[in-house]
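The values are calculated or read from the model by the stated rules, or taken from the named source; none is laboratory data. These figures come from a predicted structure and were not determined experimentally. Cβ sites come from the backbone with ideal geometry, for glycine too, and all protein chains shown count toward neighbours. Side chains included, ligands, DNA and RNA excluded: accessible areas come from the protein's heavy atoms. Shrake-Rupley method; radii C 1.70, N 1.55, O 1.52, S 1.80 Å.
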Amino acid sequence: MKLTIIGTGKMAEAIIAGALPYHDIHVVGRNGEKLASLKARYPKIVLEGTIEKTFDIEGKNLILCVKPYALEPVASHFVGEANALLSVLAGTTLESLKTHIKAKSYVRTMPNLAASHQKSMTTLFGDEAFKKEAIDICESFGKALWLGSEKEIDIATAVAGSGPAFLALVAEALTDGAVKEGLKREDATTLVQGLFEGFAPLLEGKHPAILKDEVMSPGGTTAAGYGALEEGKTRDAFIKAVEMAYKKAQG
Ligand SMILES: NC(=O)c1ccc[n+]([C@@H]2O[C@H](COP(=O)([O-])OP(=O)(O)OC[C@H]3O[C@@H](n4cnc5c(N)ncnc54)[C@H](OP(=O)(O)O)[C@@H]3O)[C@@H](O)[C@H]2O)c1
């Protein structure tokens, strides 16, 4: 499918990298140098120039990848009616998208940067008329889950959108812990990278509590470490992190 990506930032690039083998990707942005640099890295993309005066969106399938505050200024350059608008903007409602951009169908999506490795867990919600196509597009850069309401997109944002940053904290803390006890930084980093890679398939087939029970033997090393995590209210901190991110996503 021909897709027009609006934006040249981190999320735009992750989607380009993931979807490029499956779709005809066109890109527009406001910065000519950033567009040229993307073209150098992904020669297959088609540049549609910079958004200066007007940009004709008639009949296009747009993926809007700008910052939420940029919706209005970017949309002010658009003329025509898009076939579909997929937005990745955190906290920007379907109502707000409809107010600023003319399209036949609107879908909010919440991908994450793992899209660049075709591993984004993307949630979606919007017009049923474009549901099948939207899922198909998002599955080209990972997994896709169509939710039951718009509110749920904001909750998902707090987990799937922000999640890589939360897990990065876990990865960094575990690495620092190993270094503190005397492991070389390089070895600790390799260890944690391997841990995350091996953990993903385990989690696919099992409830996290069962996984934990299988690792934790009575009076053992894991139990000792786990006690420290509970003492530090780690579980509570993660639940609060999701709560705060959800509140923020609601605007
Ligand atoms: N990063 C993530 O993990 C993540 C995850 C899920 C969703 N998102 C969503 O993805 C969107 C983009 O985030 P990002 O992380 O990719 O940010 P980013 O790297 O800062 O990229 C933002 C893009 O928006 C463009 N932009 C900003 N103001 C503009 C304006 N007035 N007119 C035209 N273009 C404008 C920027 O252009 P310039 O390069 O010229 O400044 C850039 O291309 C956000 O809405 C965010 O909510 C991000």
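Laid out as a table, the results:
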{"quantity": "Qualifying position, being in contact (Cβ under 8 Å) with a residue 24 or more places away in the chain, open to solvent by 10 Å² or more (accessible area, probe 1.4 Å) and of a type in the set (Val, Ile, Thr), among Val107, Val79", "calculated": "Val79"}
{"quantity": "Residue match in segment 171-182 (condition: charged (D, E, K, R), surrounded by 10 or more Cβ atoms within 10 Å (Cβ to Cβ) and in a loop (DSSP other than H, G, I, E, B))", "calculated": "no"}
{"quantity": "Pair list, Cβ < 8 Å and 6+ apart or interchain, from segment 159-170 residues that are in contact (Cβ under 8 Å) with a residue 60 or more places away in the chain and within 11 Å of the ligand (Cβ to nearest atom) to residues that are not hydrophobic (A, V, I, L, M, F, W, C) and not in a helix (DSSP H, G or I)", "calculated": "Gly161/Pro111; Gly161/Asn112"}
{"quantity": "Any pair with Cβ under 6 angstrom, 6 or more apart, that starts in segment 2-15 at a residue that is open to solvent by less than 10 Å² (accessible area, probe 1.4 Å) and ends at one that is of a type in the set (Phe, Trp, Tyr) and more than 6 Å from the ligand (Cβ to nearest atom)", "calculated": "Ile15/Phe141"}
{"quantity": "Filtered residues of segment 92-105 (kept if part of a loop (DSSP other than H, G, I, E, B) and either within 13 Å of the chain's Cα centre (by Cα) or away from the ligand (no atom under 15 Å from the Cβ) (or both))", "calculated": "Lys102"}
